[in-house]
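Data first, discussion second: the structure below is written as structure tokens.
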Amino acid sequence: MRIKYIYLVTSLLFGIISMYSQNETPKNVNHDFELELESEYRYFYEDALFEGQEDHFPSLAIRPEYTIDWNKGYESINFKGFFRLDVDDERTHWDIRELYYQKAKNNWEFSLGLKKVYWGVAESNHLVDIINQTDAVETFDGEEKLGQPMAQFTWITQKFGTFDFFYLPYHRKRTFAGEKGRLRFPTVIDKDDLEYESSAKEWRQDLAFRWKHYFDIFDIGLSHFYGTGREPLFTFDTEGNINAFYPVINQTGLELQITHDAFLWKLESIYRNADVQDFFALVAGLEYTFSNIDGNGLDIGLLGEYLYDERDELALNALQNDVFFGSRIAFNDTQDTSILIGGIADLESSSTIFSLEASRRFGSSWTAEIEARIFNDIDRNEFILSNFREDSFFRISISKYF
């Protein structure tokens with residue numbers, strides 16, 4: 001399957017180059033190249049739950065970016081790459097996050113290639129964000145995504161909002177931690193062992209649509225996805241072995257954000273239909289910001305959200321009847337210092353997850369980040385989290401930008 005994916009990427013690359021070369025020699029061509037080098041260390045300070053797992057995970061990552069645009073910026077080719085070298089063999093991986101051609105004209109845009117698309121307004125869980133596959137070995141919170149092959153057409157209107165149409169010709173599987181890795185199941189899952197409901201497997205042709213608009217203080221988005229789901233469906237046999245496959249789904253999503261003074265009211269909800277499983281899920285909450293508290297730009301935001309998922313313990317994200325609480329602190333200084341602290345508590349058990357994320361620039365081209373996740377009193381009956389109950393960790397990274 002990796003060979004097929006490389007073939008697809010190569011075909012897209014040559015197609016993009018061909019589109020560029022067939023144009024007349026463009027004038028006023030602009031080039032921009034950036035490179036980030038990251039050194040990271042993750043430490044899991046509790047004894048491993050499963051045999052073979054390590055405690056210390058030093059790693060190195062490279063993130064190159066390149067953009068070329070012409071035609072007064074209305075046409076461009078964009079590239080973002082990624083590579084990580086890690087103790088866990090499965091976390092040693094590379095990806096083309098983005099490699100696409102984009103053309104904009106009047107009130108429409110067209111993109112072709114590998115791209116990342118983000119949907120959603122909530123802080124604790126991005127339910128409606130379904131276009132890209134999650135890079136599950138890169139981060140615990142699911143914020144990192146794999147590049148998705150697509151053709152995207154966007155039509156922008158002042159009166160009726162923005163309409164996005166997606167054609168998605170290839171499905172990318174989620175990677176799980178290897179034998180040495182943490183945050184994994186008792187059985188090491190090889191992504192190539194996961195099957196598909198569709199006979200076309202990863203080559204099933206998927207479609208998606210999204211409409212977004214704003215009315216006064218209301219920002220709203222409606223979306224629908226039809227194709228192979230990004231989350232595998234897990235089942236266990238009597239011997240504890242894991243069986244999983246990717247179902248074909250219909251998912252309808254709603255995003256709503258209301259801005260009123262210092263309040264942000266947020267809602268994300270989905271209904272997902274499949275032959276093997278139907279369910280409803282939502283995230284609803286608010287954020288209130290105290291602005292410029294000390295007269296020097298200090299902003300403190302208070303966040304609270306409720307999370308519900310009809311799958312209960314079978315929810316892959318383990319957020320089925322929980323509350324999230326947290327605070328976002330932005331110093332708005334020249335070093336761009338920011339802190340996000342929070343916790344998620346299960347309303348039906350004692351399970352709690354505490355988190356800390358902080359970042360700060362220093363010098364002209366360096367950034368330091370700190371992250372901590374603490375799994376506290378995790379209920380043994382939790383389908384997902386019980387496997388991570390000894391995986392509290394601390395992470396620090398230092399990045400250099402060129």
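The values are calculated or read from the model by the stated rules, or taken from the named source; none is laboratory data. Predicted model only: the values in this text are computed from it and were never measured. Here the Cβ positions follow ideal geometry from the backbone for every residue, glycine too, while neighbour counts run over all protein chains shown. Note: areas computed on protein heavy atoms with side chains; ligands, DNA, RNA excluded. Shrake-Rupley method; radii C 1.70, N 1.55, O 1.52, S 1.80 Å.
Collect the residues in segment 156-213 that are in a strand (DSSP E or B) and either under 30 Å from residue 46 (Cα atoms) or at pLDDT below 95 (or both), keeping them in residue-number order.
Step one: filter segment 156-213 for residues in a strand (DSSP E or B), giving 156-157, 161-168, 195-196, 206-213.
The one that is in a strand (DSSP E or B) and either under 30 Å from residue 46 (Cα atoms) or at pLDDT below 95 (or both): 195.
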Exclusive hit being open to solvent by 30 Å² or more (accessible area, probe 1.4 Å), modelled with pLDDT of 95 or more and either under 30 Å from residue 246 (Cα atoms) or not polar (S, T, N, Q) (or both), set 353, 341: 341
Qualifying residue in segment 388-402 (condition: free of Cβ contacts under 8 Å to residues at least 60 places away in the same chain, farther than 21 Å from residue 58 by Cα and not in a strand (DSSP E or B)): no
Scan of segment 214-253 for residues that are open to solvent by 80 Å² or more (accessible area, probe 1.4 Å), modelled with pLDDT of 85 or more and not charged (D, E, K, R), ordered by number: 214, 215, 218, 226
Residue list for segment 168-190, restricted to those being touching an Asp or Glu at 6+ places or on another chain (Cβ under 8 Å) and aromatic (Phe, Trp, Tyr): 170, 176
Residue that is least open to solvent (accessible area, probe 1.4 Å) [pool: residues in segment 81-133 that are over 19 Å from the mean Cα position of the chain (by Cα) and of a type in the set (Gly, Ala, Ser)]: 111
Neighbours by Cβ (under 8 Å, 6+ apart or cross-chain): first from segment 344-357, more than 16 Å from residue 391 (Cβ to Cβ); second charged (D, E, K, R) and open to solvent by 60 Å² or more (accessible area, probe 1.4 Å): 350/377; 357/369
Residue pairs meeting the criteria (Cβ under 7 Å; at least 6 apart or on separate chains; first without any contact (Cβ under 8 Å) to a residue 40 or more places away in the chain and in a strand (DSSP E or B), in segment 114-135; second open to solvent by less than 10 Å² (accessible area, probe 1.4 Å) and not polar (S, T, N, Q)): 115/147; 115/150
Residue in segment 79-95 that is in a strand (DSSP E or B), in contact with a strand residue (DSSP E or B) (Cβ under 7 Å, 6 or more places away or on another chain), of a type in the set (Val, Ile, Thr) and more than 30 Å from residue 254 (Cβ to Cβ) present: no
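Rundown of residues vs (1) surrounded by 16 or more Cβ atoms within 10 Å (Cβ to Cβ); (2) closer than 30 Å to residue 401 by Cα; (3) without any contact (Cβ under 8 Å) to a residue 12 or more places away in the chain, yes/no style:
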position	(1), (2), (3)
272	yes, no, no
297	no, yes, no
302	no, no, no
319	yes, no, no
330	yes, yes, no
Close pairs (7 angstrom Cβ cut-off, 6 or more residues apart or separate chains): farther than 11 Å from residue 175 by Cα and in contact (Cβ under 8 Å) with a residue 40 or more places away in the chain in segment 189-202, among the small types (Gly, Ala, Ser) and surrounded by fewer than 12 Cβ atoms within 10 Å (Cβ to Cβ) anywhere: none
Residues of segment 144-155 satisfying the condition of being crowded, with 20+ Cβ neighbours inside 10 Å, aliphatic (A, V, I, L, M) and either over 18 Å from the mean Cα position of the chain (by Cα) or assigned to a loop (DSSP other than H, G, I, E, B) (or both): 146
